[in-house]
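Colleague: Once you've had a glance at the structure underneath, I'll fire off some questions.
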Amino acid sequence: MKRSEINALMRDADAFLKSHGFLLPPFAFWTPADWAAKGDEVKEITERGLGWDITDFGSGDYEKIGLFLFTIRNGHPDNLKTGRGKLYAEKIMIVGEGQVTPMHFHWSKTEDIINRGGGRLLIQLYNSTPDEALAGTDVTVSTDGISRTIPAGSTVTLSPGESITLPPFLYHKFWGEGGRVMVGEVSTVNDDAHDNRFYEPVGRFPEIKEDVPPLYLLVGDY
Ligand SMILES: [Fe+2]
(Lines give C-alpha, C1' and ligand atoms only; values in the text may rest on other atoms or scores of the structure.)
Protein backbone atom coordinates (compact mmCIF):
# COMPACT_ATOMS: atom_id res chain seq x y z
CA MET A 1 0.00 0.00 0.00
CA LYS A 2 1.16 3.56 -0.62
CA ARG A 3 1.88 5.73 2.42
CA SER A 4 -0.37 8.43 0.94
CA GLU A 5 -3.23 5.89 0.90
CA ILE A 6 -2.51 4.90 4.53
CA ASN A 7 -2.50 8.57 5.59
CA ALA A 8 -5.85 9.17 3.88
CA LEU A 9 -7.35 6.06 5.52
CA MET A 10 -6.14 7.31 8.94
CA ARG A 11 -7.79 10.72 8.48
CA ASP A 12 -10.97 9.10 7.20
CA ALA A 13 -11.06 6.50 10.02
CA ASP A 14 -10.58 9.13 12.70
CA ALA A 15 -13.51 11.13 11.29
CA PHE A 16 -15.71 8.01 11.06
CA LEU A 17 -14.93 6.93 14.63
CA LYS A 18 -15.56 10.46 15.93
CA SER A 19 -18.90 10.55 14.08
CA HIS A 20 -19.88 7.52 16.20
CA GLY A 21 -18.61 9.15 19.40
CA PHE A 22 -15.48 6.98 19.62
CA LEU A 23 -12.26 8.77 20.51
CA LEU A 24 -8.75 7.33 20.13
CA PRO A 25 -6.11 7.75 22.87
CA PRO A 26 -3.55 10.60 22.68
CA PHE A 27 -0.70 8.48 21.24
CA ALA A 28 -2.80 7.96 18.10
CA PHE A 29 -1.96 11.53 17.11
CA TRP A 30 1.76 11.65 17.84
CA THR A 31 3.75 12.66 14.79
CA PRO A 32 6.89 10.80 13.66
CA ALA A 33 8.88 13.66 15.28
CA ASP A 34 6.99 13.13 18.57
CA TRP A 35 7.84 9.42 18.41
CA ALA A 36 11.53 10.17 17.78
CA ALA A 37 11.63 12.12 21.07
CA LYS A 38 10.17 9.23 23.14
CA GLY A 39 12.15 6.75 25.22
CA ASP A 40 11.51 3.64 27.29
CA GLU A 41 8.34 5.12 28.78
CA VAL A 42 6.42 4.15 25.60
CA LYS A 43 7.60 0.52 25.50
CA GLU A 44 4.14 -0.77 26.39
CA ILE A 45 2.81 0.85 23.20
CA THR A 46 5.54 -0.39 20.89
CA GLU A 47 6.11 -3.86 22.35
CA ARG A 48 2.43 -4.76 22.70
CA GLY A 49 1.61 -3.46 19.23
CA LEU A 50 -0.79 -0.71 20.27
CA GLY A 51 -1.88 1.78 17.63
CA TRP A 52 -2.74 2.12 13.97
CA ASP A 53 -2.84 -1.09 11.98
CA ILE A 54 -4.14 -0.97 8.41
CA THR A 55 -3.86 -4.02 6.22
CA ASP A 56 -4.88 -5.23 2.78
CA PHE A 57 -3.79 -8.77 3.74
CA GLY A 58 -1.41 -8.57 0.76
CA SER A 59 -4.37 -8.39 -1.65
CA GLY A 60 -3.41 -5.10 -3.28
CA ASP A 61 -7.12 -4.16 -3.09
CA TYR A 62 -7.89 -2.74 0.36
CA GLU A 63 -11.54 -1.98 -0.42
CA LYS A 64 -12.22 -5.64 -1.28
CA ILE A 65 -9.92 -7.47 1.13
CA GLY A 66 -8.67 -5.35 3.96
CA LEU A 67 -9.23 -4.14 7.50
CA PHE A 68 -8.70 -1.00 9.53
CA LEU A 69 -7.68 -1.73 13.12
CA PHE A 70 -6.48 0.32 16.06
CA THR A 71 -5.25 -1.64 19.07
CA ILE A 72 -6.12 0.34 22.18
CA ARG A 73 -4.77 -2.02 24.86
CA ASN A 74 -3.03 -5.38 24.99
CA GLY A 75 -1.28 -7.64 27.45
CA HIS A 76 1.71 -9.93 26.90
CA PRO A 77 1.43 -13.66 26.15
CA ASP A 78 3.37 -14.28 29.40
CA ASN A 79 0.43 -12.78 31.32
CA LEU A 80 -1.64 -15.73 30.14
CA LYS A 81 0.94 -18.18 31.54
CA THR A 82 0.93 -16.59 35.00
CA GLY A 83 -2.76 -15.65 35.00
CA ARG A 84 -1.82 -12.18 36.29
CA GLY A 85 -1.62 -8.67 34.89
CA LYS A 86 -3.10 -7.53 31.60
CA LEU A 87 -4.75 -10.69 30.30
CA TYR A 88 -6.89 -8.75 27.86
CA ALA A 89 -6.87 -6.65 24.70
CA GLU A 90 -9.19 -4.18 23.01
CA LYS A 91 -9.34 -3.01 19.41
CA ILE A 92 -11.55 -0.75 17.39
CA MET A 93 -11.95 -1.71 13.74
CA ILE A 94 -13.69 -0.39 10.64
CA VAL A 95 -15.18 -2.86 8.19
CA GLY A 96 -16.36 -1.49 4.85
CA GLU A 97 -19.40 -2.64 2.92
CA GLY A 98 -18.30 -5.86 1.18
CA GLN A 99 -14.77 -5.49 2.58
CA VAL A 100 -13.65 -8.96 3.58
CA THR A 101 -11.36 -10.09 6.38
CA PRO A 102 -10.32 -13.56 5.16
CA MET A 103 -11.18 -16.82 6.93
CA HIS A 104 -8.98 -17.43 9.98
CA PHE A 105 -8.93 -18.67 13.55
CA HIS A 106 -6.76 -18.10 16.60
CA TRP A 107 -4.98 -20.88 18.48
CA SER A 108 -5.06 -18.98 21.77
CA LYS A 109 -7.20 -15.84 21.63
CA THR A 110 -10.89 -15.79 22.51
CA GLU A 111 -12.47 -12.64 21.07
CA ASP A 112 -15.79 -10.89 21.31
CA ILE A 113 -16.58 -9.06 18.07
CA ILE A 114 -19.02 -6.23 18.66
CA ASN A 115 -21.01 -4.16 16.19
CA ARG A 116 -20.67 -0.70 17.73
CA GLY A 117 -22.51 1.22 15.01
CA GLY A 118 -23.08 1.81 11.30
CA GLY A 119 -24.10 -1.06 9.00
CA ARG A 120 -24.45 -4.77 9.72
CA LEU A 121 -21.51 -7.12 10.27
CA LEU A 122 -21.75 -10.55 8.64
CA ILE A 123 -19.60 -13.35 10.02
CA GLN A 124 -19.25 -16.75 8.35
CA LEU A 125 -18.30 -19.59 10.68
CA TYR A 126 -16.81 -23.08 10.47
CA ASN A 127 -15.40 -25.35 13.12
CA SER A 128 -11.86 -26.51 12.30
CA THR A 129 -10.76 -30.12 11.95
CA PRO A 130 -7.70 -31.42 13.87
CA ASP A 131 -5.59 -30.74 10.73
CA GLU A 132 -6.99 -27.18 10.56
CA ALA A 133 -9.29 -27.65 7.58
CA LEU A 134 -12.91 -26.44 7.48
CA ALA A 135 -15.15 -28.92 9.33
CA GLY A 136 -18.64 -29.86 8.17
CA THR A 137 -19.98 -30.01 11.72
CA ASP A 138 -22.60 -27.70 13.25
CA VAL A 139 -21.22 -24.61 14.97
CA THR A 140 -22.34 -23.62 18.46
CA VAL A 141 -21.65 -19.99 19.32
CA SER A 142 -22.72 -17.41 21.87
CA THR A 143 -24.19 -14.12 20.68
CA ASP A 144 -24.71 -11.66 23.54
CA GLY A 145 -24.77 -14.50 26.03
CA ILE A 146 -27.24 -16.64 24.08
CA SER A 147 -26.05 -19.98 22.75
CA ARG A 148 -27.11 -21.00 19.27
CA THR A 149 -26.23 -23.86 16.95
CA ILE A 150 -26.04 -23.33 13.18
CA PRO A 151 -24.90 -25.42 10.20
CA ALA A 152 -21.24 -25.28 9.05
CA GLY A 153 -20.54 -22.25 6.85
CA SER A 154 -23.57 -20.29 8.09
CA THR A 155 -23.40 -16.53 8.32
CA VAL A 156 -24.35 -14.70 11.51
CA THR A 157 -25.55 -11.11 11.11
CA LEU A 158 -24.72 -8.61 13.85
CA SER A 159 -26.72 -5.38 13.85
CA PRO A 160 -25.47 -2.36 15.83
CA GLY A 161 -25.32 -3.29 19.52
CA GLU A 162 -24.95 -7.03 18.90
CA SER A 163 -21.86 -9.15 19.52
CA ILE A 164 -20.50 -12.67 19.18
CA THR A 165 -17.92 -14.66 21.12
CA LEU A 166 -15.35 -16.46 18.94
CA PRO A 167 -13.40 -19.14 20.84
CA PRO A 168 -10.04 -20.55 19.67
CA PHE A 169 -10.08 -22.86 16.61
CA LEU A 170 -13.39 -21.44 15.32
CA TYR A 171 -12.85 -20.25 11.72
CA HIS A 172 -14.36 -16.82 10.97
CA LYS A 173 -14.53 -14.50 7.98
CA PHE A 174 -16.39 -11.18 8.07
CA TRP A 175 -17.53 -8.23 5.99
CA GLY A 176 -19.91 -5.27 6.20
CA GLU A 177 -23.35 -4.86 4.68
CA GLY A 178 -25.66 -1.85 4.46
CA GLY A 179 -22.89 0.63 5.30
CA ARG A 180 -19.52 0.87 6.96
CA VAL A 181 -19.38 -0.74 10.39
CA MET A 182 -17.56 0.36 13.52
CA VAL A 183 -16.51 -2.92 15.12
CA GLY A 184 -15.13 -3.42 18.61
CA GLU A 185 -12.99 -6.32 19.71
CA VAL A 186 -12.58 -7.32 23.34
CA SER A 187 -10.35 -10.35 23.75
CA THR A 188 -7.69 -12.19 25.66
CA VAL A 189 -4.11 -11.15 24.85
CA ASN A 190 -3.59 -10.47 21.14
CA ASP A 191 -0.48 -11.82 19.39
CA ASP A 192 -0.73 -11.12 15.65
CA ALA A 193 2.76 -12.48 15.03
CA HIS A 194 1.97 -16.02 16.24
CA ASP A 195 -1.74 -16.53 16.88
CA ASN A 196 -3.45 -16.09 13.50
CA ARG A 197 -4.20 -19.19 11.44
CA PHE A 198 -5.46 -18.00 8.03
CA TYR A 199 -7.16 -20.71 5.99
CA GLU A 200 -5.41 -19.43 2.88
CA PRO A 201 -2.03 -17.76 3.49
CA VAL A 202 -2.18 -13.94 3.53
CA GLY A 203 0.18 -11.11 4.34
CA ARG A 204 -0.88 -9.78 7.73
CA PHE A 205 1.06 -6.49 7.47
CA PRO A 206 1.22 -4.52 4.20
CA GLU A 207 4.33 -3.57 2.25
CA ILE A 208 4.44 0.24 2.29
CA LYS A 209 5.55 2.35 -0.67
CA GLU A 210 6.88 5.56 0.88
CA ASP A 211 5.55 8.17 -1.57
CA VAL A 212 4.94 10.79 1.19
CA PRO A 213 5.98 11.07 4.87
CA PRO A 214 3.77 9.20 7.40
CA LEU A 215 0.98 11.19 9.06
CA TYR A 216 1.07 8.83 12.09
CA LEU A 217 3.12 5.66 12.54
CA LEU A 218 1.65 2.21 11.94
CA VAL A 219 2.31 -0.63 14.38
CA GLY A 220 4.65 -2.04 11.73
CA ASP A 221 6.68 1.21 11.72
CA TYR A 222 7.80 1.05 15.40
FE1 LIG B 1 -10.14 -13.11 14.48
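The values are calculated or read from the model by the stated rules, or taken from the named source; none is laboratory data. Since this is a predicted model, take the numbers as computed values, not measurements. As a convention, Cβ positions derive from the backbone with ideal geometry for all residues, glycine included, and neighbour counts pool all protein chains shown.
Colleague: Would you check which residues across segment 71-112 are within 14 Å of the ligand (Cβ to nearest atom), of a type in the set (Ser, Thr, Tyr) and surrounded by fewer than 20 Cβ atoms within 10 Å (Cβ to Cβ) and list them?
Modeller: Those that are within 14 Å of the ligand (Cβ to nearest atom), of a type in the set (Ser, Thr, Tyr) and surrounded by fewer than 20 Cβ atoms within 10 Å (Cβ to Cβ): Ser108, Thr110.
Colleague: Suppose the filter is more than 15 Å from the ligand (Cβ to nearest atom), over 18 Å from Lys173 (Cβ atoms) and either modelled with pLDDT of 95 or more or surrounded by 18 or more Cβ atoms within 10 Å (Cβ to Cβ) (or both); does Ser159 pass it? Reasoning before the result, please.
Modeller: Working: more than 15 Å from the ligand (Cβ to nearest atom): yes; over 18 Å from Lys173 (Cβ atoms): yes; either modelled with pLDDT of 95 or more or surrounded by 18 or more Cβ atoms within 10 Å (Cβ to Cβ) (or both): yes.
Considered against the rule, which asks whether it is more than 15 Å from the ligand (Cβ to nearest atom), over 18 Å from Lys173 (Cβ atoms) and either modelled with pLDDT of 95 or more or surrounded by 18 or more Cβ atoms within 10 Å (Cβ to Cβ) (or both), Ser159 comes out as yes.
Colleague: What do you reckon, is Ser128 among the polar types (S, T, N, Q), more than 19 Å from the chain's Cα centre (by Cα) and within 16 Å of the ligand (Cβ to nearest atom)? Working first, answer last.
Modeller: Numbers: among the polar types (S, T, N, Q): yes; more than 19 Å from the chain's Cα centre (by Cα): yes; within 16 Å of the ligand (Cβ to nearest atom): yes.
Here the answer is yes, as Ser128 does meet what is asked.
Colleague: For segment 162-175, does any single residue satisfy the condition of being charged (D, E, K, R), assigned to a loop (DSSP other than H, G, I, E, B) and loosely packed, with under 14 Cβ neighbours inside 10 Å?
Modeller: Step one: filter segment 162-175 for residues charged (D, E, K, R), giving 162, 173.
Checking the rest, the ones that are also assigned to a loop (DSSP other than H, G, I, E, B) come to 162.
Of the ones still in play, those that are also loosely packed, with under 14 Cβ neighbours inside 10 Å are none.
No: zero hits.
Colleague: I'd like to know if segment 197-209 contains one or more residues that are buried (at least 20 other Cβ atoms within 10 Å of the Cβ), charged (D, E, K, R) and under 17 Å from the mean Cα position of the chain (by Cα). Break it down stepwise before answering.
Modeller: Residues of segment 197-209 that are buried (at least 20 other Cβ atoms within 10 Å of the Cβ), as a first pass: 206.
Still in the running and charged (D, E, K, R): none.
So far as segment 197-209 goes, no, none of its residues is buried (at least 20 other Cβ atoms within 10 Å of the Cβ), charged (D, E, K, R) and under 17 Å from the mean Cα position of the chain (by Cα).
Colleague: Trp35 fails exactly one of the following numbered conditions: (1) touching a strand residue (DSSP E or B) at 6+ places or on another chain (Cβ under 6 Å); (2) within 25 Å of Val212 (Cα to Cα). What is the number of that condition?
Modeller: Among (1) touching a strand residue (DSSP E or B) at 6+ places or on another chain (Cβ under 6 Å); (2) within 25 Å of Val212 (Cα to Cα), the lone unmet condition for Trp35 is (1).
Colleague: Inspect segment 77-87 for any residue being within 18 Å of the chain's Cα centre (by Cα), at pLDDT below 95 and under 28 Å from Leu217 (Cβ atoms) and give the result as yes or no.
Modeller: yes
Colleague: State which residue pairs qualify: first residue touching a residue at least 60 places away in the same chain (Cβ under 8 Å) and inside segment 1-23, second residue of a type outside the set (Ser, Thr, Tyr) and in a helix (DSSP H, G or I) in any location, beta carbons under 9 Å apart, and separation of 6 or more residues or different chains.
Modeller: Once the first residue is touching a residue at least 60 places away in the same chain (Cβ under 8 Å) and sits in segment 1-23, its partners that are of a type outside the set (Ser, Thr, Tyr) and in a helix (DSSP H, G or I) give Met1/Leu9; Met10/Ala28; Phe22/Phe16.
Colleague: Which number in (1) more than 15 Å from the ligand (Cβ to nearest atom); (2) at pLDDT 95 or above marks the one condition that Ser59 misses?
Modeller: Evaluating Ser59 over (1) more than 15 Å from the ligand (Cβ to nearest atom); (2) at pLDDT 95 or above leaves (2) as the failure.
Colleague: Something else about it: Taking the stated definitions as given, is Thr188 in contact (Cβ under 8 Å) with a residue 60 or more places away in the chain, loosely packed, with under 15 Cβ neighbours inside 10 Å, within 13 Å of the ligand (Cβ to nearest atom) and farther than 26 Å from Ala15 by Cβ?
Modeller: Answer is no for this residue.
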